[in-house]
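Structure first, then comments.
The values are calculated or read from the model by the stated rules, or taken from the named source; none is laboratory data. In this text the structure is predicted, and so the values were computed from the model without any measurement. Virtual Cβ from ideal backbone geometry, glycine too; neighbours counted across all protein chains shown. These accessible areas exclude ligands, DNA and RNA; they are computed on the full protein's heavy atoms, side chains included. Shrake-Rupley method; radii C 1.70, N 1.55, O 1.52, S 1.80 Å.
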Amino acid sequence: MPSLKDLRNRIASVKATQKITKAMQMVAAAKLRRAQEAAEAARPYAERMEAVLANLAVAFEGRDDAPKLMAGTGSDQVHLLVVATAERGLCGGFNANIAKLARERARALIRDGKTVKIICVGKKGFDAIKREFGKHVIKTIEMRNVKHIAFSNAEEVGREVLSMYENGEFDVCTLFYSQFKSVIAQEPTAQQLIPAHFEAEEAEAEGGAGGAVYEYEPDEGEILADLLPRNISVQIFRALLENAASEQGARMSAMDNATRNAGEMIDKLTIDYNRQRQAQITTELIEIISGAEAL
């Protein structure tokens, strides 16, 4: 049984930890608002660009002169997985959930005889998958010194992916990140970047309810040649902003739970301390009374 001094020290230690988790919760709450606004502001642009590209892509369906970023290499043997996570922990299952989705995809591809290459954007993603897929990781891009995500950060990743594709180093590229839903809900997402994949609904949305037909100047091929590479960086930028909001939301929830658990532990330790102290006082009183009666 721990002594009264041990219990006092432990209570003081838990109280200090509670102050830290409470401070981290408040910092995450302050950062969440800005990150959420940035993520929500980026969604319409990214979705509109996908809709425009989907509408343009209709003209190239089944054609031999379709852009390589849209038509692909004609093979799906080599897959590049871009796993975007956070640089820091203490944010619940945020990093683990993204890494889990990427690991599941990697296992499925390897079972099918495919070659898997991985680029980790964020230190925690590499830490989560290096044990099982460390030999498949070809590059790790850390953003520890980046305070606010900018488009230039996404462009760096986009240029790396495009350079590898132009050099024939992979056939299919998939981006893994966490889509921000709310403070308590973040959804791990896998999005295919190369070859560009567009849903039929996106083209219909771009065409409008009236089925409007657009004439492009210059022609669709030149526009796609410019927009498709840019779309890679745009989608990565959107993913990084979604991750930033999801990370702060997950950290806020995790630190709130930690603060509550610390409070419950303090209450329990305080009760144990009071009971042991009362038992000690009672024992001392009995000894005094017994000594007095003996006299």
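One table, with the values for the structure above:
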| item | result |
| --- | --- |
| Loop trypsin sites (Lys or Arg not before Pro), the range 1-69, which have at most 11 other Cβ atoms in a 10 Å radius of their Cβ (DSSP) | ARG63 |
| FRET E, pair ASN145, GLU40, Förster distance 25 Å, beta-carbon r, rounded to 0.05 | 0.50 |
| Three-way shape label, the range 1-140, alpha-carbon gyration tensor, a/c 1.5 | oblate |
| Sum of -39500 (n - 2.57) over DSSP H runs of 4+, divided by residues of the chain (222 nm, nearest 500) | -22500 deg cm²/dmol |
| Carbon + sulfur, % of accessible area of the chain - ligands and nucleic acids excluded, 1.4 Å | 51 |
| Relative contact order %, the range 106-190, counting alpha carbon pairs below 8 Å whose residues are six or more apart | 17 |
| Accessible surface, per residue, of the range 34-76 when the full set of protein chains is kept, probe 1.4 Å, Å² | 57 |
| Nonlocal amide H pairs with ASP171, under 5 Å, H built at 1.01 Å | VAL78, HIS79, LEU80 |
| Nonlocal amide H pairs with GLN192, under 5 Å, H built at 1.01 Å | LEU175 |
| Cleavage-rule hits, GluC sites (Glu not before Pro), the range 105-156, DSSP coil, Cβ neighbours within 10 Å at most 14 | GLU142 |
| Links that overshoot a 27 Å alpha carbon limit, given the list LYS31/LYS117; LYS22/LYS268; LYS100/LYS139; LYS124/LYS181 | LYS31/LYS117 |
| Two-site FRET efficiency, SER152 against THR270, from Cβ-Cβ distance with R₀ of 45 Å, rounded to 0.05 | 0.30 |
